[in-house]
Amino acid sequence: MLPTLEYIKQTRRRLGITQRKLADLTGISTSMINQIECGRCKPSYDTAKRIFEILTSLEQQHSLKAIDICSHGLISVQKNETLHTAITKMRSNSISQVPVFDGSRVIGLISEDGLAKSMIEKEEKQLSKMLISVMMDPPPPIVDEGVPAKAIIPLVRFSKCVLVSEKGVVNGIITLSDTLKMVE
């Protein structure tokens, strides 16, 4: 099923391409594109399909990817460090969660929410001296740098954050505040 013909003009404008450029890309005359957009002409199914395929392809090329919205310079902790270390890093960097690594492998997450739950259950003195590995939550999802940003929103809402992998190395993080970059 194809989108409505109004989609052509809206998408072309959103992508910032002219009718002439769309005509060149689709092999259809500029006059025909103009007539379709103005509603004076209804294209054949094959013509409409060709236009929609080109516009969809262009949208995918221009859409934001995980790498475009993630925060680089990942702040992390190792599993054998104390919670005091994690809390210090979180406070000094104004962040609410820190991924936990075992060497270069992600194995968990320390978050404000998890720490708050633990503070209710344990004495505060014990908490700061505990090893991170004892207190961490499961690791967040890890996505490849090329994953469309829109696909990440449900993951971030569910898991607090998503880690971004570039060529197999985790070095970025996406939080809910990072998803706001998509609005800009």
For the range 53-64, the count of residues that are surrounded by fewer than 18 Cβ atoms within 10 Å (Cβ to Cβ) and at pLDDT below 90 equals 8
If we ask which residues in the range 138-184 are free of Cβ contacts under 8 Å to residues at least 24 places away in the same chain and touching a Lys or Arg at 6+ places or on another chain (Cβ under 6 Å), their number turns out to be 0
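A quick yes/no check of all residues on (1) β-branched (V, I, T); (2) at pLDDT 85 or above:
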| site | (1), (2) |
| --- | --- |
| P99 | no, yes |
| V106 | yes, yes |
| K125 | no, no |
| V134 | yes, yes |
| P138 | no, yes |
| G146 | no, yes |
| L155 | no, yes |
| C161 | no, yes |
Sort through S76, S71 and tell me the only one that's within 30 Å of M136 (Cα to Cα), of a type outside the set (A, V, I, L, M) and touching an Asp or Glu at 6+ places or on another chain (Cβ under 8 Å). S71
For the range 7-45, which residues satisfy the criterion of being small (G, A, S) and either open to solvent by less than 30 Å² (accessible area, probe 1.4 Å) or in a helix (DSSP H, G or I) (or both)? A23, S31
In the range 131-184, what residues are outside any loop (DSSP other than H, G, I, E, B) and acidic (D, E)? D137, D144, E166, D178
Residues being under 18 Å from C161 (Cα atoms), assigned to a helix (DSSP H, G or I) and open to solvent by 80 Å² or more (accessible area, probe 1.4 Å) - total across the range 77-116: 2
Within the set of pairs 6+ apart or on separate chains, which have a first residue in the range 46-72 that is part of a helix (DSSP H, G or I), a second that is among the small types (G, A, S) and open to solvent by 50 Å² or more (accessible area, probe 1.4 Å), and C-beta atoms under 9 Å apart? R50/G27; H62/G16; A66/A151
Could you say which residue among L55, L74, L15 is within 26 Å of the chain's Cα centre (by Cα) and closer than 30 Å to V169 by Cβ? L74
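The values are calculated or read from the model by the stated rules, or taken from the named source; none is laboratory data. Everything numeric here is computed off the predicted structure, so don't read it as measured data. Positions of Cβ are backbone-derived with ideal geometry, glycine not excepted, and every protein chain shown enters the neighbour counts. Side chains included, ligands, DNA and RNA excluded: accessible areas come from the protein's heavy atoms. Shrake-Rupley method; radii C 1.70, N 1.55, O 1.52, S 1.80 Å.
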